[in-house]
Amino acid sequence: MIFMKWAYLKNRWLIATLSFLALIGAICLLSYKHEPRYHDSFAQGMTSEWRAYAGNWEVLGDAIRNNSDERGAKFVTGSSAWQDYQVDGDVLLLGKNGDAGIIVRSTDEEEGVDSYSGYYVGLRDLNNSVTIGRADHGWLEYQTKPVQGLVTPFRWYHLKIVAVGCTIAALASDPGTGAKIVVAMREKDCAKAGRIGLRSYSSGGLWKNIRVEPASSKDLSALLQNAPVADSPTLMQTEAGFNLMLPYSKRSPGPEELFQNNRAMGIHTPSLGSLRFSPDAGTKHVTVQGSVVLTAPKLYIEDSSGGIAVDAREAASAKIGDEVEVTGTVEPHEAGVILRNADLRLLWSTGPSSPLSITTSQAATGAFDGMLVEVEGRLKTISHTGTNTVVLELHSGPVPFRALLKETGNDRFFDRLLPNSLLRLRGVCVVDPAYTENLTSYALLLRSGDDVETIAGPPWWDQRYLIEMALAFVLLIFIGALIYLRAARWRMSAVLEERSRMAREIHDTLAQGFAGIALQLESALRETQQQVEAKPVMMALRMARESRKEAHRSIAALRTLHTDQSLENMLRKILLSQIAGTGLEMSISSSGTPRWLSSECKEQVLRIAQETIVNVIHHAMAKRITVNLQFDKKELRLQVQDDGCGFDPASAPAFSEGHFGITGMKERAARIRGKISIISGKHGTEVLFSVPIPPQRNHLGTFILLCIRNLLGPLTSLARHGMFRAKRG
């Protein structure tokens, strides 16, 4: 008792300890998961943990670059559970009249200007300032401070932002001049947690050395150093309001102004489409204008007449959407012409151009070479080349084409595209063999993964789906077969258990009852003096003894069927015990290869053999019995011979006269589709019993046939019922 109490207390202590450790582990895991620590992997070309909302993002050296002038492009990473932390990073503007910076505590991100909830600190060259404010699908500007000198594009600046509680402060510094400026804000109902992000507005940008670490009030105080903290917005701004602030008089002339100035100065800028048919290709020095539609792997510009590739000296400064003026030499190319040794001049910045929607047949003509187009096609395969390029092989009807995109580490979603899916793709159409490899009529140069849109998945009759459906069907059949076999095994176990129970019941009731009756009759015989009176008692005693033997034979048969012995051993065990004490000789033999038999078949064979031996013992006056089992390919034969006096099978008493032996044997044979014949004469009796052996059992095939039969049965019944109703109608 003391030991049991000690074990109980020990188990409770062990369970409590394990529960406590599990709780501590869960808390540590959650704390680790949401701990604001991060360092970018741009130098390794990895951006898989980032998610883009508009823009055209690619890794450039150890930095991430947005090649688009799109307003409000965002690149987000981190956990929405990050609370108090500080962010360090270097920022570079790629154009004028815009800003670029870092977002903190960002949630609910969407594509669009200020379409997120969080705080933003950015460098703005429009008014040479650092700005901080709150975005909540709108913009509240809290503080803007001018920078000493100028915020110059293509120059690195360092930003450090600390967010603790409801106070957000930022330090902007110029590593070249050492100039520093601090901006800060405080909100009453603030966003207390969220991700970090990179953002640019109306200008591309570069970011590098992005690091996130936990922060405390000490870090906030060290950054502020008594700098003023704005607690209310100074400006509620929208995109339209910001556009009104743009100093158009100070920037490059607009398209109408430029056209008027060029016409007044006698300057002619040919259309890009006309350069393809220029007779002076190779020597002609031209100046053209166009909008940048692609920056990598090659710079492409287009206008309303066509597009052209440009080999510019300062191509790295161009961004998608820039309107540029290019001066260079028209050089013939396999697929047309290219501007070599070109000088690039930015005219103005706009948003990305809209693609021209065309068919693949139109694209295959080459008339849209160098232009930004939109086509649809079904995906065949996806591959990755040694030059870190994703290649999509597609087709639209009989026209094959391909799409190419330089891998940035953020395009792994391509691996989730299913073959034969219908895709809509936006990219620059080129017929250059360097990209088509002479395998297709044209290729699309994609700008980012956002240029691929899935319209529809593979059709249900797609080969992949059919294979998956077939595998699923086979798996279901396999599971069903296992269930069927297990159920059959359970059923057989239940049958065997029931037989054991019946054997026990017969032993404990009938056999014991017959033994008691025989004992009482023997006692009565000893007390009876008159022989006449003793005859009925002796008859009853003999019947009781026979009934007891019969009960023991039934018990032996039931017990034997509960084992996994061969049929020959079962016969040997039961029949030899049956003739014990009778003086009969018996030989049991078997020939052929033993085959699998059902339990019911074995039971009927044993019962028929038992009944045959009982008849021999009671009526044949035989001295020897021969039992032979013969296994053939298609049937099992049982032969029982004796050397007794024989009888006439035709005149044997039937069950109507109270004799059930031969009738029972024939009924048992018919139950398992067997045949029984009795041949008897002066020299003995021969009982021949044969039963067909089913072919080797195929559980899976049997289960399929059962499923088909069970399925067709109700359908046939419904069809008959419908025909019957039709006839009645």
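Which whole-Hz ³J(HN,Hα) couplings does region 419-426 yield from phi under the Karplus relation 6.51 cos²θ - 1.76 cosθ + 1.60, θ = phi - 60°, glycine and proline marked x?
x, 6, 6, 8, 10, 10, 10, 10
So how strong a dipole does region 356-459 carry about its Cα centre when Lys and Arg Cβ are +1 and Asp and Glu Cβ are -1, to the nearest 20 debye?
With Lys and Arg at +1 and Asp and Glu at -1, about 180 debye.
Taking 0.36 nm per residue of separation and subtracting the Cα-Cα distance, what length does fully extending residue 416 through residue 619 add?
Taking 0.36 nm per residue and subtracting the Cα distance, the gain is 64.7 nm.
Once you have all Cα-Cα distances for region 38-245, histogram them in 10 Å bins from zero and send the whole-percent values.
9, 40, 40, 11, 0
Compare the Cα positions of 615, 571, 596 along the charge dipole of region 565-697 (+1 at Cβ of Lys, Arg; -1 at Cβ of Asp, Glu; about the Cα centre) and return the one farthest towards the positive end.
Farthest towards the positive end: 596.
Cut-off is 10 Å between beta-carbons; in what order do 591, 79 appear when sorted fewest neighbours first?
Listing 591, 79 from fewest to most nearby Cβ atoms yields 591, 79.
Under the rule a/c < 1.5 gives rounded, and otherwise a/b versus b/c splits prolate from oblate, where does region 278-392 land using the Cα gyration tensor?
prolate
Place a +1 charge on the Cβ of each Lys and Arg in region 298-372 and a -1 charge on the Cβ of each Asp and Glu, then give the dipole magnitude about the Cα centre in debye, rounded to the nearest 20. Walk me through the numbers on the way to the answer.
Numbers: 5 positive and 11 negative charges, 27 e Å.
Computed about the Cα centre, the dipole is about 140 debye.
Using +1 at the Cβ of each Lys and Arg and -1 at the Cβ of each Asp and Glu in region 38-245, identify which of 182, 73, 44 lies farthest towards the dipole's positive end.
Working it through, the farthest residue towards the positive pole turns out to be 182.
For a quick check: with amide H placed at 1.01 Å from N, whose amide H comes under 5 Å from residue 203's, ignoring anything fewer than 5 positions away on the same chain?
99
With Cβ to Cβ distances under 15 Å as the rule, what net charge do the other residues near residue 401 carry (K, R +1; D, E -1)?
Summing Lys/Arg as +1 and Asp/Glu as -1 gives -2.
Would you list 577, 41, 129 from fewest to most Cβ contacts within 10 Å?
Placing the least packed residue first, the sequence is 577, 41, 129.
Quick one: of 623/675; 573/623; 284/319; 602/675; 298/319; 623/666, which pairs are farther than 23 Å apart, Cα to Cα?
Over 23 Å apart, Cα to Cα: 623/675; 284/319; 623/666.
In the P(r) worked out for region 356-459, what percent of Cα pairs fall beyond 24 Å?
13
With a ≥ b ≥ c the root eigenvalues of the C-alpha gyration tensor of region 40-133, is it rounded (a/c under 1.5), prolate (a/b larger than b/c) or oblate?
Working: a/c = 1.38, a/b = 1.07, b/c = 1.29.
In terms of gyration-tensor shape, rounded.
So for the pair residue 682, residue 359, with labels modelled 7 Å out along Cα→Cβ, what separation do we get in nm?
Those two pseudo-labels are separated by 10.5 nm.
Label-point separation (nm) for residue 387 and residue 367, each offset 7 Å from Cα along Cα-to-Cβ?
Label at residue 387, label at residue 367, 2.9 nm between them.
In whole angstrom, and with the biggest value first, how far do the Cα coordinates of region 565-697 range along each principal axis?
42, 32, 22
Nearest 0.05, what FRET efficiency do residue 591 and residue 213 give at R0 = 56 Å with Cβ-Cβ as r?
0.05
For 447, 313, 186, which order do you get if you count the other beta carbons within 10 Å of each Cβ and list the fewest first? Please list the in-between numbers first.
Working: 447 24, 313 11, 186 15.
Least crowded to most crowded, the residues run 313, 186, 447.
Coordinate-derived values only; no laboratory data. All values reported here derive from a predicted model rather than from experimental measurement. No Cβ is skipped: glycine too gets one built from the backbone with ideal geometry, and neighbour counts run over all protein chains shown.
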